[in-house]
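The values are calculated or read from the model by the stated rules, or taken from the named source; none is laboratory data. This structure is a prediction, so every number in the text was calculated from the model and none was measured. No Cβ is skipped: glycine too gets one built from the backbone with ideal geometry, and neighbour counts run over all protein chains shown.
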């Protein structure tokens, strides 16, 4: 039992460190998109999944009153679900920009996907489709073995961290959101994000 | 065995610290910029602006919105050396993405951007950019975005210029940068207006994409100051136009090297700063200096403070010699330190602006006789007194002399300057008859010595001695010579015994005192015309110095052989000394010796015409020496 207690304490310490290491990197806030921290990203997303990009489909279509643009539909086979879509299913993420033949449209705020890439994606509904939450803030590359999420100083996950640490942080964020809803203070994540953005 | 777990713990701890160290330090990249993989082949991109931001109170008028977005575009050229430019083509009413309409726009859109505040799409083919559109969204996740035109954005507001600069960075080919201070950094947390100022990483990005122009380093410039002058009381508005102005908190404005409170000015755009209330300042030119992140610029003499309009009221004296040099006082109003006075087109010599009403100096030499204008230039303002000063080449002046109370025959010499020979002259030496009285006037030893007619009329009751000289009443055979400072006459004056030492008696030429009055005039030999000479008065100063008669060794008020005997007795027979050694010193060489007796004998019997002053009357010794006089 004493050994078990020590092991638990060590696990708690490592978990705390993992959470710290993830949130520490969350000071990066995008320029022209609403800036999110990792907890906000988690709370805003309908799906949080790890999977492989199995297809990229580019096409021209109207952008809901914003003109005709090139979209890319990113098809991801879900391997691990932190929220929403179940493992084994596929989800389709719509991304602004893409390539048709040699013609391209590029939007710096959009995430980039590569076929065959293993990714962690936060996704939400926008204009009748699934979009990466916070645009490029909602997509991360993951090692092939699924152990490490590659962060970026420009993103809410600012550095490489273990997927386990991300999962822990996501769980905490969702639990916090549930408590907030239960306490009648709906949408704290959105309010906080807006305030952060407004402070720019 | 018991130590291994401990070592294992230490190793784990060290490993943890190592991981902590690695992940705990945000990466800093020397070159953090990233490219989108497309660029503009002509190093230029045209664009149109739809100035349709709806909250005019916050976003400004349509014109102001255009100015601000143009600043975002200009930053990429003016704050860098990149060989790239955005070319503004005008306004448009389009407000949606369309990469095939040939119109690149920057516009506000009534759409909801989802998680986006603004977005840019760059389109092209095979890596060549051919189109772009930038949209600022009305709402983000259904919450209104408030787009701000000036000042640090308040919570809930977004700076149009800063976001435009960022989005246009995408439009020219830059992706988000890893450098946190860069405008193109993905995160702008805690940054508002600084987005307007490009970081070296932004500059490196655009210059790597388009190479550089052959221009100097980016600098802040002031190209115009409007208006260029204003009242010295201040409080007026002044607009500076230029290049690379940033924003209030990043800017310091100095007037004459004194920082001006930023409550008195604001940076309106990247090319315009408005001073709403200039400070007060003494009249004159001042420098303006502007300092911001991009650099510093100083414009010397950029702005003129003016009082009320300067004006010349008078010149004193109104006449002077052609050679100049005499002191002159210009009186006027609202005169400033930078006032420049000219007389006949020549600058006043040794000019000093004494106060707002007075300038003193010396008259410059004139080009020709006659009246000339006196002009005052002060900044852009000019005041002229026509024909206010007259150059006169004809002069008559009285000498300065000294004499103690009771002195007799103190000489007041009258000298004349004329560019031409004279036939005649008339003048009246005027003085205070309560202090001095004239005894006579002679023309001996001067230019009028050969005059055939000299009339002298001493009128001590009126304080004047009139002199008329006619060189040759029957022709021009005898003339008074041309030249400077030629002796014309000597008027001998007695100082009354009750005169108070220290009194200065003006010796002028007031011809109106006599009966009948005398008109001061020179008659030119060349044409027989009378001219009025310029008068330079002299003075007689009553001094508290012993008066003696030169050569009067024994003090009996006469010069005769008894003075010679007295001197020789003193020198060779041990006779009594004189009470006034200066009187014994006949030759005024500062020594009493046999030469004094010899000179006196020569004067008395051998035709020596005169002795050193005081001569012929009594007076103080005009030359300093080691001997004195106790009388």
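Just give me the residues in the range B:150-175 being modelled with pLDDT of 90 or more and in a loop (DSSP other than H, G, I, E, B), in sequence order.
Across the range B:150-175, the qualifying residues are B:173, B:175.
Checking residue B:180 against (1) within 14 Å of another protein chain (Cβ to nearest Cβ); (2) within 18 Å of residue B:72 (Cβ to Cβ): exactly one of these is not met. Which one?
Single failed check for residue B:180: (2).
For the range B:539-595: of the residues being in a helix (DSSP H, G or I) and under 60 Å from the mean Cα position of the chain (by Cα), which is surrounded by the fewest Cβ atoms within 10 Å (Cβ to Cβ)?
Restricting attention to the range B:539-595, the residues satisfying the condition of being in a helix (DSSP H, G or I) are B:561-572, B:581-584, B:594-595.
Restricting the remaining residues to those that are under 60 Å from the mean Cα position of the chain (by Cα) gives B:581-584.
Details: B:581: 22, B:582: 27, B:583: 28, B:584: 28.
Applying the filter and picking the extreme gives B:581.
Read through the list (1) in contact (Cβ under 8 Å) with a residue 40 or more places away in the chain; (2) more than 25 Å from residue A:172 (Cβ to Cβ); (3) within 14 Å of chain B (Cβ to nearest Cβ), then give the number of the only condition that residue A:62 fails.
Condition not satisfied by residue A:62: (1).
Restricting to the range B:98-112, name every residue that is touching a strand residue (DSSP E or B) at 6+ places or on another chain (Cβ under 7 Å), assigned to a loop (DSSP other than H, G, I, E, B) and farther than 18 Å from residue B:169 by Cβ.
We begin by selecting, within the range B:98-112, every residue touching a strand residue (DSSP E or B) at 6+ places or on another chain (Cβ under 7 Å); these are B:98-99, B:103-112.
So of that shortlist, the ones also assigned to a loop (DSSP other than H, G, I, E, B) come out as B:98-99, B:103-104.
Those that are touching a strand residue (DSSP E or B) at 6+ places or on another chain (Cβ under 7 Å), assigned to a loop (DSSP other than H, G, I, E, B) and farther than 18 Å from residue B:169 by Cβ: B:98, B:99, B:103.
Can you pull out every residue in the range B:138-150 that is more than 9 Å from chain A (Cβ to nearest Cβ) and either within 23 Å of residue B:61 (Cα to Cα) or surrounded by 24 or more Cβ atoms within 10 Å (Cβ to Cβ) (or both)? Don't jump to the end; show me each part of the working.
Of the residues in the range B:138-150, the ones more than 9 Å from chain A (Cβ to nearest Cβ) are B:138-139, B:142, B:144, B:147-150.
Across the range B:138-150, the qualifying residues are B:138, B:139, B:144, B:147, B:148, B:149, B:150.
Between A:155, A:82, which is crowded, with 17+ Cβ neighbours inside 10 Å, facing chain B (nearest Cβ under 10 Å), touching a helix residue (DSSP H, G or I) at 6+ places or on another chain (Cβ under 7 Å) and outside any helix (DSSP H, G or I)?
Result: A:155 is the single residue among A:155, A:82 that is crowded, with 17+ Cβ neighbours inside 10 Å, facing chain B (nearest Cβ under 10 Å), touching a helix residue (DSSP H, G or I) at 6+ places or on another chain (Cβ under 7 Å) and outside any helix (DSSP H, G or I).
State all residues of the range B:517-556 that are within 30 Å of residue B:608 (Cβ to Cβ) and in contact with a helix residue (DSSP H, G or I) (Cβ under 9 Å, 6 or more places away or on another chain); if no residue qualifies, say none.
As a first pass, look at the range B:517-556 and keep what is within 30 Å of residue B:608 (Cβ to Cβ): B:538, B:540-541, B:543, B:545-556.
Within the range B:517-556, B:546, B:548, B:549, B:550, B:551, B:552, B:553, B:554, B:555, B:556 qualify.
Please tell me if residue A:123 is within 14 Å of chain B (Cβ to nearest Cβ), within 24 Å of residue B:37 (Cα to Cα), at pLDDT 95 or above and in contact with a helix residue (DSSP H, G or I) (Cβ under 7 Å, 6 or more places away or on another chain). So that I can check it myself, show each step before the final result.
Numbers: within 14 Å of chain B (Cβ to nearest Cβ): yes; within 24 Å of residue B:37 (Cα to Cα): no; at pLDDT 95 or above: yes; in contact with a helix residue (DSSP H, G or I) (Cβ under 7 Å, 6 or more places away or on another chain): yes.
No, not satisfied.
Might you let me know whether the range B:76-95 holds any residue that is out of contact with any helix residue (DSSP H, G or I) (no Cβ under 8 Å at 6 or more places or on another chain), at pLDDT 95 or above and assigned to a helix (DSSP H, G or I)?
Yes.
Here are some residues: B:444, B:474. Which one is surrounded by fewer than 16 Cβ atoms within 10 Å (Cβ to Cβ), at pLDDT below 95 and over 24 Å from residue B:610 (Cα atoms)? Full working, then the answer.
Details: B:444 fails: over 24 Å from residue B:610 (Cα atoms).
Going through B:444, B:474 in turn, the sole match is B:474.
Would you confirm whether any residue within the range A:172-193 is at pLDDT 90 or above and either within 14 Å of chain B (Cβ to nearest Cβ) or over 20 Å from residue A:112 (Cβ atoms) (or both)? Please lay out each step first, then the result.
Initial filter on the range A:172-193 (at pLDDT 90 or above): A:172.
This time we only want the ones that are either within 14 Å of chain B (Cβ to nearest Cβ) or over 20 Å from residue A:112 (Cβ atoms) (or both), so: A:172.
Scanning the range A:172-193 turns up at least one residue that is at pLDDT 90 or above and either within 14 Å of chain B (Cβ to nearest Cβ) or over 20 Å from residue A:112 (Cβ atoms) (or both).
Do we have any residue at all in the range B:450-463 that's assigned to a loop (DSSP other than H, G, I, E, B), within 27 Å of residue B:619 (Cβ to Cβ) and touching a helix residue (DSSP H, G or I) at 6+ places or on another chain (Cβ under 8 Å)?
Scanning the range B:450-463 turns up at least one residue that is assigned to a loop (DSSP other than H, G, I, E, B), within 27 Å of residue B:619 (Cβ to Cβ) and touching a helix residue (DSSP H, G or I) at 6+ places or on another chain (Cβ under 8 Å).
Scan the range A:36-47 and tell me whether some residue there is in contact with a helix residue (DSSP H, G or I) (Cβ under 9 Å, 6 or more places away or on another chain) and at the interface with chain B (Cβ under 9 Å from one of its Cβ atoms).
Residues of the range A:36-47 that are in contact with a helix residue (DSSP H, G or I) (Cβ under 9 Å, 6 or more places away or on another chain), as a first pass: A:36-45.
After this cut, where a residue has to be at the interface with chain B (Cβ under 9 Å from one of its Cβ atoms) as well, the list is A:36, A:44.
So far as the range A:36-47 goes, yes, one or more of its residues are in contact with a helix residue (DSSP H, G or I) (Cβ under 9 Å, 6 or more places away or on another chain) and at the interface with chain B (Cβ under 9 Å from one of its Cβ atoms).
Going by the conditions given, is residue B:533 within 48 Å of the chain's Cα centre (by Cα), surrounded by 15 or more Cβ atoms within 10 Å (Cβ to Cβ) and touching a residue at least 60 places away in the same chain (Cβ under 8 Å)? Outline the logic, then answer.
Values: within 48 Å of the chain's Cα centre (by Cα): yes; surrounded by 15 or more Cβ atoms within 10 Å (Cβ to Cβ): yes; touching a residue at least 60 places away in the same chain (Cβ under 8 Å): yes.
The answer is yes for residue B:533.
Condition check: on the phi > 0 side of the Ramachandran plot, in contact (Cβ under 8 Å) with a residue 12 or more places away in the chain and part of a strand (DSSP E or B). Does residue B:494 satisfy that?
On the way: on the phi > 0 side of the Ramachandran plot: no; in contact (Cβ under 8 Å) with a residue 12 or more places away in the chain: yes; part of a strand (DSSP E or B): yes.
No; evaluated as a whole, the condition is false for this residue.
Considering B:288, B:313, B:254, B:240, which residue is within 22 Å of the chain's Cα centre (by Cα), buried (at least 21 other Cβ atoms within 10 Å of the Cβ) and in a strand (DSSP E or B)? Explain how you work it out, then say what you get.
Details: B:313 fails: buried (at least 21 other Cβ atoms within 10 Å of the Cβ); B:254 fails: buried (at least 21 other Cβ atoms within 10 Å of the Cβ); B:240 fails: within 22 Å of the chain's Cα centre (by Cα).
Testing whether each residue is within 22 Å of the chain's Cα centre (by Cα), buried (at least 21 other Cβ atoms within 10 Å of the Cβ) and in a strand (DSSP E or B) leaves just B:288.
Just for the range A:129-152: of the residues that are free of Cβ contacts under 8 Å to residues at least 60 places away in the same chain and assigned to a loop (DSSP other than H, G, I, E, B), which one is farthest from the other protein chains (Cβ to nearest Cβ)?
A:144
Considering only residues of the range B:273-285 that are in contact (Cβ under 8 Å) with a residue 40 or more places away in the chain and under 30 Å from residue B:72 (Cα atoms), which is surrounded by the fewest Cβ atoms within 10 Å (Cβ to Cβ)? Before you say what the answer is, go through the steps one by one.
Filtering the range B:273-285 for residues in contact (Cβ under 8 Å) with a residue 40 or more places away in the chain gives B:277-285.
Still in the list and also under 30 Å from residue B:72 (Cα atoms): B:277-278.
Details: B:277: 15, B:278: 22.
Taking the candidates together, the pick is B:277.
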